[in-house]
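Notes follow the structure.
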Amino acid sequence: MSKFLKVVLTTALLATAGFASAQSTAYPGVGRPATVKEVAAWDIDVRPDFKGLPAGSGSVAQGQDLWEAKCAHCHGVFGESNEVFSPLVGGTTKDDIKTGNVANLKRSDFPGRTTMMKVATVSTLWDYINRAMPWTAPKSLKPDEVYAVTAYMLSLADVVPENYVLSDKNIAEVQKRMPNRHGMTTKHAMWPGKEFNGTPKPDTANVACMKDCIPETHVASMLPDYARNAHGNLADQNRFVGQQHGANTTMPENKSAAAGVTATPAFAKPAAKVADPALALLAKHNCTACHAQNTKVVGPSFSDIAKKHAGKADYLTSKIKAGGVGVWGPIPMPVQNAPDGDIKIMANWLAAGAAK
């Protein structure tokens, strides 16, 4: 055997051995076991018994500063805003903190349900803020910042005092003051609990009887002749892609083919317009979470901004960088941490008319 063939054979055997060792033992030939690092990167959930909670702390005062910079533009300065999302705070009382049940949840005339009225565990607040907030940059908060924001939210609901410092050491004590801590039930048989004595009876235990079944129903649709051409000949309205082709609605159903009528051929698809680089940057930096092209979402539309500040690229650059409140209403815009070059491209696009 030549030296070259020996080298190739040895390399192939080593590669095969390495591939085999990477395979899952439970499912041969499919994937491989996740590494400790990979599991740790995904394993960020915090349970109601606080397993998974990282060490750290944050004060109410720190949380207020973070809230005003990163949260208030959607939730209001005091968590009570109903402009973008449902209010987070309100509807709970000091009596609820004592009893662990929110009385207003039983009132049919109460105007709304806030997060603090419904949530039973403080771990749920911490976990959700950690995973999903702020809306424009989820998972960007450090553990200490999550503690601080959670502390501020709890202080707004009088669960903790204004000088409180929330940490992994005292969060279990805070749980004992959650207004709706007794409001969650496990009596739905979705998982075993103490009330089931280990013998849950979920509603998924039913068995299909397969007797006295009704005949299979055939569902169909049709257009009556008087309505077939109500919106013009569908054959002339063919899409450029896909399998759906318009029928010739100038003729009664099932008579088009017999009459030898063929659909009008589709015109060639026009060349795609090259998108402005600013559009990709607006999506990349989550600007589209609060702004749309022609309609108000959380903030004003891009077209309205362009009309109001036409030609003011430098002004728009500074506003995007610094954020602010009051120009378009009470909801503040957070500071934008995008690179200066990206911000300049977006500002120039707005100043030039925000053409799509």
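List the residue pairs whose Cβ atoms are under 7 Å apart, where the first residue sits in segment 68-83 and is free of Cβ contacts under 8 Å to residues at least 24 places away in the same chain, the second is assigned to a loop (DSSP other than H, G, I, E, B) and surrounded by fewer than 19 Cβ atoms within 10 Å (Cβ to Cβ), and the two are 6 or more positions apart or on different chains. The qualifying pairs are His75/Phe85. Set side by side, the residues Thr264, Thr249 differ, and just one is farther than 30 Å from Val149 by Cα, modelled with pLDDT under 75 and either assigned to a loop (DSSP other than H, G, I, E, B) or not assigned by TED's automatic domain parsing to the domain that holds Pro143 (or both), which is Thr264. Restricting the search to segment 107-120, which residues are at pLDDT below 90 and assigned to a helix (DSSP H, G or I)? None; the set is empty. Hey, does segment 189-202 have a residue that's in contact with a Gly (Cβ under 9 Å, 6 or more places away or on another chain), at pLDDT 85 or above and surrounded by 10 or more Cβ atoms within 10 Å (Cβ to Cβ)? Taking every residue of segment 189-202 in turn, none turns out to be in contact with a Gly (Cβ under 9 Å, 6 or more places away or on another chain), at pLDDT 85 or above and surrounded by 10 or more Cβ atoms within 10 Å (Cβ to Cβ). Restricting attention to segment 121-141, the residues that are outside any helix (DSSP H, G or I), touching a residue at least 60 places away in the same chain (Cβ under 8 Å) and not aliphatic (A, V, I, L, M) total 4.
The values are calculated or read from the model by the stated rules, or taken from the named source; none is laboratory data. This is a predicted model, so every value here is computed, not measured. All Cβ positions, even for glycine, are placed from backbone atoms using ideal geometry, and neighbour counts span all protein chains on display.
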